[in-house]
Structure formats: C-alpha cells, structure tokens
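Remarks on the structure that follows.
The values are calculated or read from the model by the stated rules, or taken from the named source; none is laboratory data. Computed from a predicted model, the values in this text were never measured in an experiment. Reconstructed Cβ throughout: ideal geometry from the backbone, glycine too, with neighbour counts over all protein chains shown.
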Amino acid sequence: MLHLPFDHHDLADRVSRALEVYLRAVGTGQELFSEYSLGYEPNPLREDSWERIRAALSPPLGERFLDDEQDEEYVHRRVKAQFQRTVELSSGDMGVSGYGFFYWAGLPWRTPVEDEVSLVSFSWPTEYLEAHGPVRMRELALELASLLPFSSGHAGLAFFSPNHSGASLEGIHTEAFRYPGLDVTHGCRFQGPRVDGVHWLNFLGSPVLEAVGGVAGLRARLHSPGVTVQEMERERAVVTLGLWPEAGDLERGDILPAYRELARVLGPWLYACPSHYSFHGSNPEETRRWWRRFLD
C-alpha cells in the first residue's frame, strides 16, 4: 500500500507503468483475476476488459480541477463517489487468489481536501512469497514504489479481502489480536503525511523522513538485528525489518521487538486511530488497542 499526495492528473502515467510491472511479474490469467471494478459494481474480467482498465488509468481529459468543470452532473457524480478514478482487480467469483490491485485517486480540487491522499496497492498470496523468496519480493516492492511519488507506504503480511470499503475483524478477530504483524486496515484515505503503522517494509518520504533525521538519523536510532535502512531516489527511504515479513505471536511471547523499536521512533508521525472509527465486528476501544499494538 502506497499513499500518494497527488490526484490522477499527476499519477496516471506512473500508476499505469506500475500496474504493467506488477502484471508482468504475476500474470493476467483467470486463476489470478476474475473480476474488475471501475468504482461501481464488479464485472467479469474478460480479454476485452483490459482495454477499459487501461483507459480508466489513462491521463484525464478536460478541466484540471473540478472547480473549473462546467458539467455539474459530472462533478456531482465524482463528489458522490468520493474519487476521481478508481480501478480494482480481484478474484471474487473464483475464490480469493491473494492477487489484487487497487487504485483510488482523490478528487482534484484547487484547494485539496485536508489530509486526503490517493491510494494504490498490490497484493500477492503467501505462496508467491514462499516460492520466490523474500529477496525477490522486496525487489519487486521497491521497483513498484520507485515508480510512484509516495509520501509513505508499506508492504508486509496482511489480511486480504475483496471488500476494500472498510476494514473488518469479523471472522479473524482472534488472529488479528494474536499476530500483531498482520495488517487489516486496507489503507487510510485521510492520513495526510502521517505513517500508516509499522510493517515489514516501511517506505518514508517527506516530511516524515526529514523529521526523524533522514537515513542517517534512522540508522543511528534503529539497533534491532536484521534491520536495514536504504536510501531511495528523491530523498526517500525504505526501512526493512528483517529478511522475512513476520506475523509475531503474542501467545508465544513473540512481540516483534524490531517493529516496536521503529514504532517508538516514528511515534509522533504515526496516524492515530480516529476516535469515531471501529473495525466491523469490534468496538472502538478494541480497535484503538489493535491500532496501538506496537506502542502500548
């Protein structure tokens, strides 16, 4: 998951290139993706669907900002939908394959909505990680991230659901609280420059990277075995917490100390759980406790 402080006008070409990199790596077969959505009801994915998907990701035509758009009905539809463009690839009717792509481009106002970011995510099943190994998985994640102008982002173990409308603990409540390295959030659209938790790979850009002292500052403050801090182009960095992504296991005392160490360093910049927010199947206090699992 990458958080992008730009709208589709600035992201179209880059997201398109990133999707092609992802598809070259995993393939396009029906066993991987059987549905696609352009922001509405999902449709069966057929050979001619790829033309529609790539058209949806193409650079926008017409006015740069919704403020200047003369078609009021178009503006109303975009505001009601809450996005400028969205594309999702999933495997709904064939069973969840673990492969998926999700892109949500925020609305392009002259004065942007405070803290709104665009989101893009790519997913793989754990079988892909086991077959290709963590080095290849990390290389692929860095290749994708290098193409996109992220402010922050992450990669690691996550509960994948075809439903991106909201996070859920229903059915996995016990697992989510037992295994702190398992993410269940599906991304946060209004986190601004803040960081969406701590994960195996942690992508940091401006202004968070500067606030923690840059690459040198992070290296001086992170001492857990296996942790690396790698500089990226355009004054960005990725912090890797060990060779493999880990789930941890609180029942066995595996509290993921490297994850906790990074959480303490990033503490002031971690996106706080909104007071009104709760996962489906949990009350707000349980949600807050899960959100702060590496800090409390």
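Does any residue of the stretch 174-189 turn out to be hydroxyl-bearing (Ser, Thr, Tyr), outside any loop (DSSP other than H, G, I, E, B) and assigned by TED's automatic domain parsing to the domain that holds Arg288? Scanning the stretch 174-189, I find at least one residue that is hydroxyl-bearing (Ser, Thr, Tyr), outside any loop (DSSP other than H, G, I, E, B) and assigned by TED's automatic domain parsing to the domain that holds Arg288, so the answer is yes. When Glu114, Glu69 are checked against the criterion of being closer than 19 Å to Asp196 by Cβ, at pLDDT below 95 and over 16 Å from the mean Cα position of the chain (by Cα), Glu114 stands alone in meeting it. Condition check for Ser58 on (1) under 21 Å from Phe190 (Cα atoms); (2) at pLDDT 95 or above; (3) assigned to a loop (DSSP other than H, G, I, E, B): one failure, at (1). Kindly list the number of the only condition in (1) surrounded by fewer than 21 Cβ atoms within 10 Å (Cβ to Cβ); (2) assigned to a strand (DSSP E or B); (3) of a type in the set (S, T, N, Q) that fails for Asn202. The failed condition is (1). Contact map, the stretch 27-38: residues that are in contact (Cβ under 8 Å) with a residue 24 or more places away in the chain paired with residues that are among the aromatic types (Phe, Trp, Tyr) and not in a strand (DSSP E or B), Cβ distance under 6 Å, separation 6+ or inter-chain. Pairs shown: Leu32/Tyr99.
Considering only the stretch 248-275, how many residues are of a type in the set (Val, Ile, Thr) and either at pLDDT below 95 or surrounded by fewer than 16 Cβ atoms within 10 Å (Cβ to Cβ) (or both)? Give the derivation first.
Taking the stretch 248-275 first, the residues of a type in the set (Val, Ile, Thr) are 255, 265.
So of that shortlist, the ones also either at pLDDT below 95 or surrounded by fewer than 16 Cβ atoms within 10 Å (Cβ to Cβ) (or both) come out as 255.
Residues flagged as of a type in the set (Val, Ile, Thr) and either at pLDDT below 95 or surrounded by fewer than 16 Cβ atoms within 10 Å (Cβ to Cβ) (or both) within the stretch 248-275 amount to 1.
Of all residues being surrounded by 11 or more Cβ atoms within 10 Å (Cβ to Cβ) and either of a type in the set (D, E, K, R) or outside the structural domain of Ala18 (by TED's automatic domain parsing) (or both) in the stretch 35-56, which is farthest from Val15 (Cα to Cα)? Just the residue, please. Explain how you work it out, then say what you get.
Taking the stretch 35-56 as the starting set, the residues that turn out to be surrounded by 11 or more Cβ atoms within 10 Å (Cβ to Cβ) are 35-39, 42-46, 49-50, 52-54, 56.
If we keep only those that are either of a type in the set (D, E, K, R) or outside the structural domain of Ala18 (by TED's automatic domain parsing) (or both) too, we end up with 35, 46, 52, 54.
Values: Glu35: 19, Arg46: 21, Arg52: 15, Arg54: 10 Å.
Applying the filter and picking the extreme gives Arg46.
Does Val79 qualify as being in contact (Cβ under 8 Å) with a residue 24 or more places away in the chain, hydrophobic (A, V, I, L, M, F, W, C), over 20 Å from His9 (Cβ atoms) and surrounded by fewer than 19 Cβ atoms within 10 Å (Cβ to Cβ)? Step through it out loud before you land on a result.
Values: in contact (Cβ under 8 Å) with a residue 24 or more places away in the chain: yes; hydrophobic (A, V, I, L, M, F, W, C): yes; over 20 Å from His9 (Cβ atoms): no; surrounded by fewer than 19 Cβ atoms within 10 Å (Cβ to Cβ): yes.
In short, no.
Only a single criterion out of (1) free of Cβ contacts under 8 Å to residues at least 40 places away in the same chain; (2) of a type in the set (Gly, Ala, Ser); (3) touching a strand residue (DSSP E or B) at 6+ places or on another chain (Cβ under 7 Å) is not satisfied by Ser118, namely (1).
Among the residues of the stretch 205-235, which ones are of a type outside the set (Lys, Arg) and assigned to a loop (DSSP other than H, G, I, E, B)?
If the condition is that a residue be of a type outside the set (Lys, Arg) and assigned to a loop (DSSP other than H, G, I, E, B), then Gly205, Ser206, Pro207, Val212, Gly213, Leu222, His223, Ser224, Pro225, Gly226, Glu233, Glu235 are the ones that fit.
The single residue among Phe33, Phe83 that is under 26 Å from Arg138 (Cα atoms) and assigned to a loop (DSSP other than H, G, I, E, B) turns out to be Phe33. For the stretch 139-157, the count of residues that are closer than 15 Å to Gly187 by Cα, in contact (Cβ under 8 Å) with a residue 40 or more places away in the chain, surrounded by fewer than 16 Cβ atoms within 10 Å (Cβ to Cβ) and charged (D, E, K, R) is zero.
Checking each residue in the stretch 15-37 for being aliphatic (A, V, I, L, M) and either at pLDDT below 95 or over 17 Å from Gly100 (Cβ atoms) (or both) picks out only Leu32.
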